1. Which pairs have Cβ atoms under 9 Å, sit 6 or more apart or on different chains, and link a residue in the range 181-206 that is touching a residue at least 40 places away in the same chain (Cβ under 8 Å) to one that is loosely packed, with under 10 Cβ neighbours inside 10 Å and in a loop (DSSP other than H, G, I, E, B)?
2. Can you tell me how many residues in the range 188-214 are within 20 Å of the chain's Cα centre (by Cα) and assigned to a loop (DSSP other than H, G, I, E, B)?
3. Looking at this structure, is residue 34 assigned by TED's automatic domain parsing to the domain that holds residue 125 and under 19 Å from the mean Cα position of the chain (by Cα)?
4. Go through the residues of the range 30-45 one by one and say whether even a single one is in contact with a strand residue (DSSP E or B) (Cβ under 8 Å, 6 or more places away or on another chain) and closer than 30 Å to residue 192 by Cα.
5. Residue 81: free of Cβ contacts under 8 Å to residues at least 12 places away in the same chain, within 16 Å of the ligand (Cβ to nearest atom), outside the structural domain of residue 291 (by TED's automatic domain parsing) and surrounded by 15 or more Cβ atoms within 10 Å (Cβ to Cβ), yes or no?
6. Could you say whether any residue in the range 63-72 is at pLDDT 95 or above, touching a strand residue (DSSP E or B) at 6+ places or on another chain (Cβ under 6 Å), surrounded by fewer than 24 Cβ atoms within 10 Å (Cβ to Cβ) and under 24 Å from residue 311 (Cα atoms)?
7. Restricting attention to the range 127-164, and to residues there that are within 13 Å of the ligand (Cβ to nearest atom), in contact with a helix residue (DSSP H, G or I) (Cβ under 7 Å, 6 or more places away or on another chain) and outside any strand (DSSP E or B), which single residue is nearest to residue 108 (Cα to Cα)?
8. Residue by residue through the range 168-187, note down the ones that are surrounded by fewer than 18 Cβ atoms within 10 Å (Cβ to Cβ) and either assigned to a helix (DSSP H, G or I) or away from the ligand (no atom under 16 Å from the Cβ) (or both).
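The values are calculated or read from the model by the stated rules, or taken from the named source; none is laboratory data. Note that the structure is a prediction, hence the values are computed from the model and not measured. Glycine gets a Cβ as well: all are built from the backbone with ideal geometry, and neighbour counts include every protein chain shown.
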Ligand code: COA
């Protein structure tokens, strides 16, 4: 059982922070960031939490699909930077939309949007009465970024992306891998104030081994795309677009080279938003859909990688 995507939405906060702005607070510069990462600017929330940004993206996806919000049977959401652990992000969105449908979060960091799609596909199979599901990735990464660490603070940005899925046959295949551990990417919670707990608190920000992440990402991205092509007897000629997680333009370029495909096949908007974690794939998908370069019947591969470590990709027909 599967679905087709009938609407997309996105929201990014209005505040633009350029590479030059960051060079005033850490020892970096526009040339280094542009060349090594491909980011020119990112959006940073001044007064909105992740749930508020997610709600705006969800409302846009609902409007784009033309459905009535009451038609939504379930909400699946993802975030690593929500303002509450409980209620879940999905519960906050359900409340914001004034709905009473089932709602839950999936945690898979930057790969999460594809985990949300996978979960939705499973729920369409499980609940024959479900017709429409809302999926949302929303992040205030600036809240979990150390602005004294130049190797991470240049990378992340804030934003939200959403999609409305309707029961259908267009989610064609998927691949998901997890290699659990915290040695490469970690976002610790504080340990709390329990007077009997003896372990030390680590700073509650993104901790990342940049080069390890880079290598993992290039391998994961190229392997996942290859698996989907081979398993479905397709070649790159059959694929209109690859929509990758926007983490580093060089990761995308390296993966394109490894796959022997033109960089132009990869939709890229990292220069405007940086890495918005779980929001990055749905924001890219929304911008691609609205650019007029995507047509019904086109085959797409969405792919992502990140904390977990986790990586995932799916083949869909638009
Ligand atoms: N500005 C200027 N110099 C910087 C810098 C910055 N923002 N960040 C790091 N450097 C310096 C380092 O200190 C180092 O200097 P040194 O040689 O004097 O010690 C030099 O640049 C090279 O550092 P290195 O870590 O090898 O750089 P890199 O090319 O690997 O780029 C990342 C660093 C983080 C941009 C890159 O590894 C990356 O993008 N990794 C993947 C991150 C990612 O995708 N994360 C999200 C996963 S979902």
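1. 203/190; 204/189; 204/190
2. Final tally of qualifying residues: 4.
3. Working: assigned by TED's automatic domain parsing to the domain that holds residue 125: yes; under 19 Å from the mean Cα position of the chain (by Cα): no.
So residue 34 fails the test.
4. yes
5. Details: free of Cβ contacts under 8 Å to residues at least 12 places away in the same chain: no; within 16 Å of the ligand (Cβ to nearest atom): yes; outside the structural domain of residue 291 (by TED's automatic domain parsing): yes; surrounded by 15 or more Cβ atoms within 10 Å (Cβ to Cβ): yes.
So residue 81 fails the test.
6. The answer is no; no qualifying residue exists.
7. Narrowing the range 127-164 to residues within 13 Å of the ligand (Cβ to nearest atom): 137, 139, 141, 144-157.
Narrowing further to those that are in contact with a helix residue (DSSP H, G or I) (Cβ under 7 Å, 6 or more places away or on another chain): 137, 139, 141, 145-147, 151, 153-154, 156-157.
Checking which are outside any strand (DSSP E or B) leaves us with 141, 145-147, 151, 153-154, 157.
On the way: 141: 15, 145: 18, 146: 21, 147: 24, 151: 22, 153: 21, 154: 22, 157: 18 Å.
Checking each candidate, the answer is 141.
8. As a first pass, look at the range 168-187 and keep what is surrounded by fewer than 18 Cβ atoms within 10 Å (Cβ to Cβ): 168-169, 172-173, 176-183, 186.
Correct list: 168, 169, 172, 173.
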